[in-house]
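The values are calculated or read from the model by the stated rules, or taken from the named source; none is laboratory data. The structure presented is a predicted model; accordingly, all values stated were derived computationally and were not measured. Note that we place each Cβ from the backbone using ideal geometry, even for glycine, and neighbour counts take in every protein chain shown. The accessibility values were calculated without ligands, DNA or RNA, using every heavy atom of the protein model including side chains. Shrake-Rupley method; radii C 1.70, N 1.55, O 1.52, S 1.80 Å.
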Amino acid sequence: MTIIRPQLGDPAPWFSATTASGQRIDIHVDAGRYLLLSFIGKPIGPEELFDPRVGELMRHRALFRDDHIILYGIINALPHERSAYATIRRPGIDFLVDVDGALAGQFGTDGKPWTFLLDPMMRVIASIPYDHPDGHGAMLEQLLATLPPPAEHAGIHLTAPVLMVPRVFDFELCEFMIDAFRRHGGKDSGYFVDRGGVTQTITDYRFKRRSDWVIDDAALAVEIRKRIVSRLVPAVRQAFGFSATRMDRYLVARYSAETKDHFFRHRDNLNAGSAHRRFAVTINLNAEAKNYGGGDLCFPEFGRDTYRPPSGGAAVFSCGLLHEVTRMERGERFAFLAFLYGEEDAQRRLTNNARLAAGERRYFGDDDRLALPEVMSTEVANDTPAREDAPKEWVPVGADITGTGPAVRWLQLGGCDFSRPFYSQAIEMAIEHQREASSRTTSLEELESLCTTPLAAPSGLVFHMSRCGSTLVSRMLAAANDTLVISEPDPINDILGPYWRGTSEAERRRALRLVLAAFGGLRRPGQSGYVVKFSSWNVWYLTSLLADLRGVPKVFVYRDPVEVLVSLMNDPPEWAALRHNTAAASMMLGVPRDLIQTMSAEEYCARFLRGILDAVLAHAGPSWLFVNYNELPDAVYERIPAHFGAAPDTERGMRMHAVTGVHSRDRFLAKPFSDDRAKKLAAATDAIRAVAGQWLAEPYAKLEALRQKQAPMKHAAS
């Protein structure tokens, strides 16, 4: 076998090893100092004299310290516990055990005693065999005596390849984020390690101490994303030739002198949980010297200079660079931290889900995209790799009554992410990703002529009471990836809305059938069917909706009426405003207009919900499954997919589980979910409880009775 030994100037191979005392080391972390790797071979026994090879090295022990030269003596067997190796060990000197000869093989020593000297960038600057004709000891002494300080090893002052971009965040935003951190508080920040072939998060204050707040404010996330896209992404592309399309984390970190916070030497992309990361982003929020001392970025491979971007400014650098955050000396430092990457990296992140330890957050590719708005050039947008599953296609976005009759409006879009909480959000976000979208309008006759294949019926329909967890149901079903989920689509709402009231029932049913056919055409490869989730008020028109879909499995999600009414009073939906349009409200509820005028908001909403529940009860049959909010999310793992004809699947369950931790109605899926049942019941007024009892208690009890008769759920997926 040919032995390949690193030559002068070659980068030394990285390796992990175990010391004679049983500690693990990763050699790449020791960059920034000179490294002396001496392959000694067999260790001496306790009864033997001191090893002369080690003696040669110890003549220079004054040079071996953490800030100058690190010595690793490499032996091929575990030394005896009473040998001298234990007494020699100290900071700057240690012994590595290479029992199987793997390290010697990487350095091509062929088992012969050999010494390599590496510069602070881990490149070979000396290769000395112990049988060197001029003497190993003499050569080593001559070499070590002439070494300059590590920071001067290149003969010039080195500067780390860090991009500094000022004014990414304005001062007001910086102050708002700091105040938000103080209001919410931070949690101990761990870090990724690979153990037993999997990545897991651990906390070790010796290595890292910091407090983090994961941003759960969707509006704040939007403002951050806008600035990253318009002010930072173009600068990164200009400096590094990389067009970022995704960002990992919306996080504010605090380093405090009170707890001596720091982050020891590390690289940001060396395990399965972080391999997708390309560029690290640090945006300081309070960088003025009066605010803190210490806590700065340092890149040991390029010397001991520290880097501190100004308040609102960013430092961007490759995740492969060794770096540290120096120990805090006074005050507090606040920073926004994130990682930029692209489409191929996102695919790698998806693949690496299989290598994450149990309990680690899985990635499903739906919450990290960066938009590319008009402030960026067409060239940048065109350089962004296109998603294979996102070709441009015609998407129905509305249904109108025109001068020539009913018509459907379309936009030609790419990258519609229908896993978003609502159909309209998928359309809006797709528009944000492109400079312009072609549009067209088709009559029902034209649309019908385009439907050359029979209507593929939805595999399931989801109806709901309002504010009862139905969006969580649709989000979980969409997360499974094998089903297209269309959630509260605008064209359906248009057809059932007031502007279509002048059309015939037959025309309305025809339009519904054709639009549903159009939705079915939006399925991606691997999506065998699709589910339509309707707006709550659509239930008033079940007769029209079910005309062509009577045999399709249907789910109705509902909740304790008191809890629903509390939510409606706190955040009224659009249909609640109909109370002030007495003509429309009278027609909807079937009561005189003068009675509408006397109703409280609580009574109007209760009567409206009563109409929804009565309509469902009137159509209830074998194709219906009833799900109470109290059964969520467990019911979505088995009962609902089974009702829609899907077999239980562990991977599908894992994907579904990943979306249960965030608020399902949050457009950017950044706000954590919290169970608010007790809070809502406590907030219920006497008026709410009175109308709930008068109008909703009876139909709610009937729904509960129907639900109890259905087959119980076997178990919840984890």
### Query
Does region 64-76 contain any residue that is part of a strand (DSSP E or B) and either more than 50 Å from the chain's Cα centre (by Cα) or hydroxyl-bearing (Ser, Thr, Tyr) (or both)?
yes
### Task
Give the residues of region 292-317 that are under 18 Å from Gly331 (Cα atoms) and either assigned to a helix (DSSP H, G or I) or over 31 Å from the mean Cα position of the chain (by Cα) (or both), sorted by residue number.
Gly293
### Task
Collect the residues in region 334-370 that are part of a helix (DSSP H, G or I), touching a strand residue (DSSP E or B) at 6+ places or on another chain (Cβ under 7 Å) and open to solvent by 10 Å² or more (accessible area, probe 1.4 Å), keeping them in residue-number order.
Arg355
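Which of the residues spanning region 86-115 are among the polar types (S, T, N, Q) and in contact with a helix residue (DSSP H, G or I) (Cβ under 8 Å, 6 or more places away or on another chain)?
Residue satisfying the conditions is Thr115 alone.
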### Message
Residue under question is Pro79, and the condition is that it be at pLDDT 95 or above, surrounded by 13 or more Cβ atoms within 10 Å (Cβ to Cβ) and not charged (D, E, K, R); does it hold?
### Response
no
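Residues being in contact with a Leu (Cβ under 9 Å, 6 or more places away or on another chain), under 26 Å from Asn353 (Cα atoms) and of a type outside the set (Val, Ile, Thr): count how many of those fall in region 199-220.
Restricting attention to region 199-220, the residues satisfying the condition of being in contact with a Leu (Cβ under 9 Å, 6 or more places away or on another chain) are 199-200, 212-215, 218, 220.
Pick out the ones that are also under 26 Å from Asn353 (Cα atoms) and you get 199-200, 212-215, 218.
Next, from what is left, pick out any that are of a type outside the set (Val, Ile, Thr): 200, 212-213, 218.
Number satisfying all stated conditions: 4.
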## Note on the structure
Contact list, first residue from region 284-308 and over 19 Å from Asp268 (Cα atoms), second anywhere and among the aromatic types (Phe, Trp, Tyr) and crowded, with 20+ Cβ neighbours inside 10 Å, beta-carbon distance below 7 Å, six or more apart or interchain, is Leu285/Phe334; Leu285/Phe336; Asn286/Phe334
#### Entry: Scan of region 643-660 for residues that are modelled with pLDDT of 85 or more and open to solvent by less than 60 Å² (accessible area, probe 1.4 Å), ordered by number
His643, Phe644
### Message
Condition first: out of contact with any Leu (no Cβ under 8 Å at 6 or more places or on another chain), part of a helix (DSSP H, G or I), closer than 20 Å to Leu542 by Cβ and not acidic (Asp, Glu). Now tell me which residues in region 587-617 satisfy that.
### Response
Met587, Leu589, Ile612
### Selection status of Gly190, open to solvent by less than 80 Å² (accessible area, probe 1.4 Å) and without any contact (Cβ under 8 Å) to a residue 40 or more places away in the chain
yes
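Quick grid of which residues meet (1) at pLDDT 85 or above; (2) small (Gly, Ala, Ser); (3) part of a helix (DSSP H, G or I):
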{"site": "Ser664", "(1), (2), (3)": "no, yes, no"}
{"site": "Asp675", "(1), (2), (3)": "no, no, no"}
{"site": "Arg707", "(1), (2), (3)": "yes, no, yes"}
{"site": "Ala717", "(1), (2), (3)": "no, yes, no"}
### Task
Would you be able to tell me the number of residues in region 498-521 that are surrounded by fewer than 17 Cβ atoms within 10 Å (Cβ to Cβ), touching a strand residue (DSSP E or B) at 6+ places or on another chain (Cβ under 9 Å) and either small (Gly, Ala, Ser) or over 30 Å from Ala577 (Cβ atoms) (or both)?
2
### Message
Testing Gly320 on (1) assigned to a helix (DSSP H, G or I); (2) open to solvent by less than 50 Å² (accessible area, probe 1.4 Å), one condition comes back false. Which one is that?
### Response
(1)
### Query
From the set of residues in region 418-451 that are in a loop (DSSP other than H, G, I, E, B) and over 17 Å from Pro396 (Cβ atoms), which is modelled with the highest pLDDT?
Pro421
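Is it true that Arg24 is of a type in the set (Lys, Arg), open to solvent by 50 Å² or more (accessible area, probe 1.4 Å) and either more than 30 Å from Asn271 (Cα to Cα) or touching a residue at least 40 places away in the same chain (Cβ under 8 Å) (or both)?
no
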### Message
For a quick check of your reading of the model, give me the residue pairs whose first member lies in region 93-114 and is in contact (Cβ under 8 Å) with a residue 24 or more places away in the chain and at positive phi, whose second is assigned to a strand (DSSP E or B) and open to solvent by less than 70 Å² (accessible area, probe 1.4 Å), with beta-carbon atoms closer than 8 Å and at least 6 apart or on different chains.
### Response
Gly111/Gly41
### Task
Report, ordered by the first and then the second residue, all pairs with beta carbons closer than 6 Å, sequence separation of six or more or different chains, a first member in region 629-644 that is within 12 Å of Gly460 (Cβ to Cβ), and a second member that is modelled with pLDDT of 90 or more and crowded, with 24+ Cβ neighbours inside 10 Å.
Val636/Val473; Val636/Met476; Ile640/Val555; Phe644/Gly460
